[in-house]
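Everything on this sheet refers to the single structure shown next.
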Amino acid sequence: MKIWPLFILLLGLIACRNESQNHEATTPNILFIMGDDHTTQAISAYGGILAEYTQTQHIDQLADEGMRFDQVYCTNAICSPSRATILTGKYSHLNGVRILGQEFDTSQYTVQQALQTAGYQTAVFGKWHLRSTPAGFDDYKVLPVQGRYQDPQFWVKGSDSLVTYPGWATDVITDMTKDFLQNREDGKPFFIMTHYKATHDPWAARPPYDTLWQHQSLPEPPNLYDTYEQRSEAAHRTTLKLEMMNQSTYPHDRLEDADWKAQRGHIYQQYIKSFLQCGRVLDENVGKLIAFLKEQGLYDNTIIIYTADQGHFLGEHGFFSKRFMYDEALRMPLIIRYPPWIKPGSTNDDMIINADFAPTIAEMAGLTPPEEVQGRSFLAQLKGKTPKGWREEIYYHYWQHILHRAVAAHIGVRTKEHKLIFYYGLPLGQTDKSPTPPEWELFDLVKDPAEMSNVYGLSDYESVTQTLKEQLKTLQVQYRDEGLEYPEMRGVQVEHFWTSEK
Ligand code: CA
């Protein structure tokens, strides 16, 4: 009996199996799910006063089976700029999208292009919100600018006109993702970006969630009735206050002849219910994706990432929207599940920024990002280790100036203990649009996590202020965002971005 051929065959089979395992290990599937404005306070895995109502059981499941990141920050808290940073791994001033409506140059490095070139099947479905045709995707179906919830229209790859999809946008985007998965090529890994419109304004929901909590009041954040004592002119003057919310942003009922406080509380109840109802539809859809991946045998060999493009105020400081460097807007949710690397139920509190997403996803796919990428991969953290020399502070730059929701542009540094913000204001004499003065805010995040008391200029904080100013300068050099000298920025050439575009 000849056993040699059998033995060789067996060896060959073992080698093949190892090769295929190695191949899988270096090229896992990646499903990147992003909510819009879906802030940590609206996700029960992050706790908070609303956890009993948010009930995001499916997103929570990803956290229970994966890793929850607790200190993830965006570098410019507004939709398009954060999306450009997520794709490029670079700050706004280098990727070219500092404000809404700016052209996105798709000839620069993007993570989806890199993965596509490396043999991934790539696709994006849902909200794109960049001024450019999506590039680096084998397939796309994207909403025009914000799109709408009911019977949304999409720009579809290969079609010159908008295509209407009957149904609710959140469900439609899930179905597109499932269709792509079902019809994908065999033998190639995938990278899909599923970008929901939820929970962006106008915060609408479909049944059965649209009638939740009709006869009850939801908890208010303790600083809902903030009066901005000892704070910046920027905080005083912003129109992010709930009682100033425009009916076109969200159709709400107003009290007649009520003072600001009563009005704020009244609008808060409508706003928070709508926001959380909208989030419940989103979470249900994350559940549908989980179920589908399980059905297809893809649940354990797909890296599932859940995040949002930035945070959002849910009545903290009396605000809605984002933009400010205050934590509720600055902080992003980030939950990742992938059993081969991640210990179930783990958490991480390293300081991560949205510019880190592209290099991390690239490294997940076994790729090295180019020099121009400013973020750093946090793949090691997923495996339970913090690399040496990991950052101890983050740098922020909000560019969209005061006319849009009246938030003055600002730069800032956040460490684990403090936050220093510089609102650089408008040069006087260059505009009659009620300029804000150049001004500083400093928060002691240990004593004052809600950021209610500006301690800038207090003698107890002189030394830490000096250190933070040095850190701010160093970060500006490191990220090549120089040319904005402070506090003498008044009179310096500052670009004015007057835009009414959403
Ligand atoms: Ca957003």
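The residues of the chain present an accessible area of 40 Å² per residue when probed at 1.4 Å with all protein chains retained. Within straight-line reach of Lys473, meaning a Cα separation under 17 Å, sit the following lysines at least 8 residues removed in sequence or on another chain: Lys419. In loop segments of the range 245-321 as defined by DSSP, the GluC sites (Glu not before Pro) with at most 11 further C-beta atoms inside 10 Å of their C-beta are Glu256. The range 137-206 and the range 88-113 have Cα centres lying 21 Å from one another.
When the convex hull of the C-alpha atoms of the chain is computed, what volume per residue in Å³ does it have? Working shown, then result.
Details: hull volume 84.3 nm³, N = 502.
For the chain, the hull spanned by Cα atoms encloses 168 Å³ per residue.
Once every Cα of the range 250-394 carries one equal point scatterer and solvent is ignored, give the base-10 log of I(q)/I(0) from the Debye formula at q = 0.09, 0.20 Å⁻¹, two decimals. Per q value, in the given order, log10 I(q)/I(0) is -0.43, -1.30.
Projected label points at Gln108 and Thr474, each 7 Å from Cα along the beta carbon direction, are separated by 2.6 nanometres.
Under the definition of Cα pairs under 8 Å and six or more residues apart, what whole-number percent is the relative contact order of the range 42-128? Walk me through the intermediate numbers first.
Numbers: 74 pairs, mean separation 13.5, N = 87.
Contact order relative to length: 16 percent.
With all pairs of separate Cα atoms included, the range 135-277 yields a Kirkwood hydrodynamic radius of 18.4 Å.
The apolar share of the surface of the chain, taken as the fraction of accessible area on carbon and sulfur atoms (1.4 Å probe, ligands and nucleic acids excluded), comes to 50 percent. For Pro344, the shell of other residues with beta-carbons less than 15 Å away shows a net charge of 0, using +1 for Lys and Arg and -1 for Asp and Glu.
The 1.4 Å probe gives accessible areas that order His93, His397, largest first, as His93, His397. Shown here are the Rg and Dmax of the Cα trace of the range 163-242, at 20.8, 61 Å. Check the straight Cα-Cα distances from Lys157 and name the lysines below 21 Å, setting aside those fewer than 8 residues away within the same chain. Filter leaves Lys127, Lys141, Lys178, Lys188, Lys197.
Let me check I've understood the local charge: for Val281, count other residues with C-beta under 9 angstrom from its C-beta, Lys and Arg +1, Asp and Glu -1. What total comes out?
On the way: positive: Arg206, Arg280; negative: Asp171, Asp210, Asp283, Glu284.
Net charge in that neighbourhood comes out at -2.
The number of Lys pairs in the range 258-400 with C-alpha atoms less than 24 Å apart, excluding pairs fewer than 8 positions apart on the same chain, is 10.
The values are calculated or read from the model by the stated rules, or taken from the named source; none is laboratory data. In this text the structure is predicted, and so the values were computed from the model without any measurement. Note that each Cβ is placed from the backbone with ideal geometry, even for glycine, and that neighbours are counted across all protein chains shown. For accessibility, only protein heavy atoms count, side chains too; no ligands or nucleic acids. Shrake-Rupley method; radii C 1.70, N 1.55, O 1.52, S 1.80 Å.
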